[in-house]
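The values are calculated or read from the model by the stated rules, or taken from the named source; none is laboratory data. Note that the structure is a prediction, hence the values are computed from the model and not measured. Here Cβ is always computed from backbone atoms with ideal geometry, including for glycine, and neighbour counts include all displayed protein chains. Heads up: the accessible areas ignore ligands, DNA and RNA and are worked out on the full protein's heavy atoms, side chains in. Shrake-Rupley method; radii C 1.70, N 1.55, O 1.52, S 1.80 Å.
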Amino acid sequence: MLESLANDAKFALRRLLRRRTYTALTVLTLALGVAGTAAVSGIARRMLLEPLPVRDEKEVVAFWFDGNWSETKFLAVRPVMDGFRSVAAYYVDGVTLRSGDAPARLLKAVEASAELFDVLGVRPALGSGFRRGDDRVGAEPVVVISHSLWRELGGRPTILGQRLELSGQSRTVVGVMPEGFWFPDPGVRLWLCDDMNPQTDNGMYNLIGRLAPGKRIEAMGPQLQTITRVLDERFDFPADWDLTMNPALTPLRERLLGNVRPSVLALLVAMSVILLVACVNVAALMLGQLDSRGTEMAMRSALGAGRKRLLQQLAVESLAIGALAGVVGAALAAFGFPFLSHALPLGALAETARLDWTLFAAAMAVALVASTLIALAPSFALAQHDLQGTLAKTRTGGIGSRGGRLEHGLVVGQVALVVLLAAGAALLIRSVENRRAIKPGVDVNGVAVLDVMLPASIDPARTPALLRELVATVAALPGVESAAATQRLPLRGSSDNWGIRVEGRPELRDATTAFRTVTPEYFHTMRIRLVSGRLLLDTDRVANADEGVVVVNQALARKFLPGRDPIGQRIAFMRERWDRIVGVVDDVAEAGLSTEPVPARYSPYEQVPWLSSSHSLVLRLRPGVDPAAILTPARRAIQAAAPSVAVYEQTTMASVLSQAVGPVLQVMALLSLLAGLALVLGAVGIYGVISHFATRRKRDWSIRMVLGMRPALVVGKIVGRGGALVGAGLALGLVAFVVAARLLASFLYGVGTADPLALAGAAAVLIAAGLVAAAVPARRASRVDPAVVLRES
């Protein structure tokens, strides 16, 4: 048996080497499907199946209204958290780490209350972590660092008790987290115990809690009512920021991974479709080879080969193809995985993705078994036929009729699978175009962006002057037309919303608007059009004690000053001072791409007493200068001028706009790529089946042409066969897509899951590809010489 297997393996390899095109198509097709499935499965397994790095994650829940719990409100409800073992407040921030005279280095950090690690149920690998009372005002500042940062800092246990200068403040290291721990995302490197000041009402924390033993989320209604009752008794909330509205708890997994789950699931389904298409394609190619080998198989039977030996030869050939595909697929998976993990909208979670070779092996086994079984089916039929009848029928395609029906069924299924991807890609393309059609209100072309973090120890009165120095530094770089600074860049989400008072309208005491702090050149740099009045001037920097100046957008004027000329009206964000409106500008997509404009106002830095540490510098480049090329020189200039200032992100406004389009842009790009691959595989399958159909009936076509049939009619009949297969697969695929399209619902904007234009476009592309694939063998069949074919018969 071993000898026969060895001989069959040698024969299979020789045969595959002689048929290089067939071998390359089958190996590459199967390798692409299996490699892609393994790569995406590695991401899906980590995102959807593996537990979070916390203890008993089902007990940990997130509270409602992310980013809007202040220290005051957290401390107010802290004593009434019945039903919870513990509750912690936290928010993600950036801190600068300085060592000696080196430029400041920005690290992602979490600032939290002392209960954080108790809620997560994870203790440091070194040290004690936070202790009760570490978050009291006046307590010694402490920090817990990640395992990776510990390694970067030397990896010595003696780091405990040492002090790190973080954002200008010295903190004592009290713990090192275990390797592999992350919260709330793998990009966080430090956890700082924050002061829970009962007098501070900033409103930027998230709350998480660990349920008490025996408690379930569904039964926590009474406890939530107690919390909202305390909030309602002690605080007055604006309507848009009312913490007492719609209280709810969310499982921690859903809060941390819920945003990436639709993307991963959609791509996992797409890659599974690609694997199925690949299996079907390989099976169809094998069936075509078996069909063309009908006479060979019959002659081998006549010379004494038994059915078992024939089947063994086919199985060995299939395994040889699978082994080659495995080697090629492994290389493709290893090479393409880093690109895939960063192409998906995973953010910092991309760092946790690992290639899953176990799933790779499983997918490979499924593909081999499927293709081998389908390829062996007609060989069983061949072995059961009468030898003489088989030899006769192979001359006229008798075996082809049986194999042909199976091949046609495979093509119909293949086209249906391709429809799923093509229609999905078409829907996402339509959604992206709808989002891109929204005007952001700024000219994003030719603008570079540098996000900077100022040291926390800086005197607030010094911040405007430091920012002016940074703006002057980057404005002097070659190729820069103008530069400006802002505390919040457009298109980056809803934040920095402050209350507004309008003179003469006391009923608006609970209203809020977007509040933007800018330097005077901001409007020119971002190309924000002035509608009326004037823009901010250098002379507006210092406001007198009684009155400041402000520029508003049209949405604010329409909402808060209807029927009145905004110029000269007074509004306020401080009790102590009114600001007079000196100009009105166009609406800008402050929070994100939306057709609904957000009311916004713009104030000079010098007039705002409360400034955060993070700011954005925007640089308008002269025509012809690539904004990406200025980023590195600008970063170096900032570090040379102000070593204590860290540049934590450098990008372009065009990239900011792409991010504002959302994860649909990345999913669309990947799904379009997969749809294109599936379309190519589908065209190859149609070509192969129609080619086999034409070859099986070439004697029939020759006789018909001898009797007077025109070659054009031959082409029409063969192409018609291909069109019928495509039409059947198209109908089946569209029905399946309407059922499965809900996977894409969260990505769609301005289109429905059954959008006629998208579905018609996908159908047109598939029909065109199918007809072209069928036309090639049809044209070849119409050009054969009937005399040669009949002589060979």
Is it the case that residue 691 is out of contact with any His (no Cβ under 6 Å at 6 or more places or on another chain), among the polar types (S, T, N, Q), over 24 Å from residue 759 (Cβ atoms) and crowded, with 17+ Cβ neighbours inside 10 Å?
yes
Spot the failing condition for residue 171; the list is (1) loosely packed, with under 13 Cβ neighbours inside 10 Å; (2) within 30 Å of residue 642 (Cα to Cα), and only one is missed.
(1)
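Counting only residues that are out of contact with any helix residue (DSSP H, G or I) (no Cβ under 7 Å at 6 or more places or on another chain) and under 24 Å from residue 239 (Cβ atoms), give me the strands (runs of 3 or more DSSP E) lying completely in region 473-523 with at least 3 of them. Full working, then the answer.
Details: elements: 480-486, 497-499, 512-518.
So the answer is 497-499, 512-518.
Checking the condition open to solvent by less than 10 Å² (accessible area, probe 1.4 Å), part of a loop (DSSP other than H, G, I, E, B) and either of a type in the set (Ser, Thr, Tyr) or closer than 22 Å to residue 87 by Cα (or both), which residue from 129, 138 passes? Step through it out loud before you land on a result.
Working: 138 fails: open to solvent by less than 10 Å² (accessible area, probe 1.4 Å).
Step by step, each of 129, 138 is checked, and only 129 is open to solvent by less than 10 Å² (accessible area, probe 1.4 Å), part of a loop (DSSP other than H, G, I, E, B) and either of a type in the set (Ser, Thr, Tyr) or closer than 22 Å to residue 87 by Cα (or both).
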Tell me which residues, restricted to region 125-180, are more than 18 Å from residue 109 (Cβ to Cβ) and of a type in the set (Ser, Thr, Tyr).
128, 158
When residue 762 is evaluated against the numbered criteria (1) in contact with a helix residue (DSSP H, G or I) (Cβ under 6 Å, 6 or more places away or on another chain); (2) under 30 Å from residue 594 (Cβ atoms); (3) open to solvent by 20 Å² or more (accessible area, probe 1.4 Å), which criterion, by number, is the only one it fails?
(3)
Cβ-Cβ under 7 Å, sequence separation 6+ or interchain: first residue in region 244-255 and without any contact (Cβ under 8 Å) to a residue 12 or more places away in the chain and more than 17 Å from residue 47 (Cα to Cα), partner surrounded by 16 or more Cβ atoms within 10 Å (Cβ to Cβ) and of a type in the set (Ser, Thr, Tyr). Which pairs?
none
Taking residue 772, is it surrounded by fewer than 18 Cβ atoms within 10 Å (Cβ to Cβ), closer than 30 Å to residue 267 by Cβ and touching a residue at least 24 places away in the same chain (Cβ under 8 Å)?
yes
Any residue in region 200-209 that is acidic (Asp, Glu) and in contact (Cβ under 8 Å) with a residue 12 or more places away in the chain?
yes
Given the condition surrounded by 18 or more Cβ atoms within 10 Å (Cβ to Cβ), closer than 21 Å to residue 270 by Cα, of a type in the set (Gly, Ala, Ser) and in contact with a Leu (Cβ under 9 Å, 6 or more places away or on another chain), answer yes or no: does some residue in region 697-705 qualify?
no
Specify the residue that is modelled with the lowest pLDDT; the eligible residues are those in region 280-326 that are basic (Lys, Arg) and assigned to a helix (DSSP H, G or I).
307
Collect the residues in region 87-103 that are modelled with pLDDT of 90 or more and buried (at least 19 other Cβ atoms within 10 Å of the Cβ), keeping them in residue-number order.
87, 88, 89, 90
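Scan region 656-676 and tell me whether some residue there is closer than 30 Å to residue 464 by Cβ and open to solvent by 50 Å² or more (accessible area, probe 1.4 Å). Quick ask: steps written out before the conclusion?
From region 656-676, those closer than 30 Å to residue 464 by Cβ are 656-657, 659-660; that's our starting set.
Applying the additional criterion that residues be open to solvent by 50 Å² or more (accessible area, probe 1.4 Å) yields 659.
Yes, region 656-676 contains at least one residue that is closer than 30 Å to residue 464 by Cβ and open to solvent by 50 Å² or more (accessible area, probe 1.4 Å).
Could you count how many residues in region 486-497 are open to solvent by less than 60 Å² (accessible area, probe 1.4 Å) and on the phi < 0 side of the Ramachandran plot? Please lay out each step first, then the result.
Filtering region 486-497 down to residues open to solvent by less than 60 Å² (accessible area, probe 1.4 Å) leaves 486-491, 493, 495-497.
Now narrow it down to the ones that are on the phi < 0 side of the Ramachandran plot: 486-490, 495, 497.
So the count comes out to 7.
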Can you tell me which residue within region 409-422, out of those that are modelled with pLDDT under 85 and under 16 Å from residue 743 (Cβ atoms), is least open to solvent (accessible area, probe 1.4 Å)?
421
Which residues, counting only those in region 539-590, are out of contact with any Asp or Glu (no Cβ under 8 Å at 6 or more places or on another chain), open to solvent by less than 60 Å² (accessible area, probe 1.4 Å) and closer than 30 Å to residue 654 by Cβ?
551, 552, 556, 557, 583, 584, 585, 586, 587, 588, 589, 590
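Here's a check for you: in region 591-642, which residue that is hydroxyl-bearing (Ser, Thr, Tyr) and in a loop (DSSP other than H, G, I, E, B) is surrounded by the most Cβ atoms within 10 Å (Cβ to Cβ)?
Filtering region 591-642 down to residues hydroxyl-bearing (Ser, Thr, Tyr) leaves 594-595, 602-603, 605, 612-614, 616, 632.
If we keep only those that are in a loop (DSSP other than H, G, I, E, B) as well, we get 594-595, 612-613.
Details: 594: 14, 595: 10, 612: 17, 613: 20.
For region 591-642, the residue satisfying everything is 613.
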Checking residue 259 against (1) open to solvent by 70 Å² or more (accessible area, probe 1.4 Å); (2) within 35 Å of the chain's Cα centre (by Cα); (3) free of Cβ contacts under 8 Å to residues at least 12 places away in the same chain: exactly one of these is not met. Which one?
(3)
Just to be sure before I move on: is residue 184 surrounded by fewer than 16 Cβ atoms within 10 Å (Cβ to Cβ) and under 17 Å from residue 115 (Cβ atoms) in the structure I sent?
no
Note on region 442-462: residues at pLDDT 90 or above and more than 14 Å from residue 635 (Cα to Cα) are 442, 443, 444, 445, 446, 447
Only residues that are among the charged types (D, E, K, R) and either closer than 30 Å to residue 444 by Cβ or not in a loop (DSSP other than H, G, I, E, B) (or both): list them for region 563-590, please.
570, 577, 579, 580, 586, 587, 590
Six or more apart or on different chains, Cβ atoms under 8 Å: show the pairs whose first residue is in region 61-77 and under 16 Å from residue 258 (Cα atoms) and whose second is small (Gly, Ala, Ser) and open to solvent by 10 Å² or more (accessible area, probe 1.4 Å).
64/248
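Can you pull out the residues in region 445-467 that are hydrophobic (A, V, I, L, M, F, W, C) and either part of a helix (DSSP H, G or I) or under 18 Å from residue 97 (Cα atoms) (or both)? Steps first, answer last, please.
Residues of region 445-467 that are hydrophobic (A, V, I, L, M, F, W, C), as a first pass: 447-450, 452-454, 456, 458, 461, 465-467.
Once the filter is applied, which keeps residues that are hydrophobic (A, V, I, L, M, F, W, C) and either part of a helix (DSSP H, G or I) or under 18 Å from residue 97 (Cα atoms) (or both), region 445-467 yields 452, 453, 454, 456, 458, 461, 465, 466, 467.
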Of the conditions (1) part of a strand (DSSP E or B); (2) of a type outside the set (Ser, Thr, Tyr); (3) within 15 Å of residue 113 (Cα to Cα), the single one that residue 164 does not satisfy is (3)
Which of the residues belonging to region 206-260 are basic (Lys, Arg), more than 29 Å from residue 182 (Cβ to Cβ) and at pLDDT 90 or above?
229
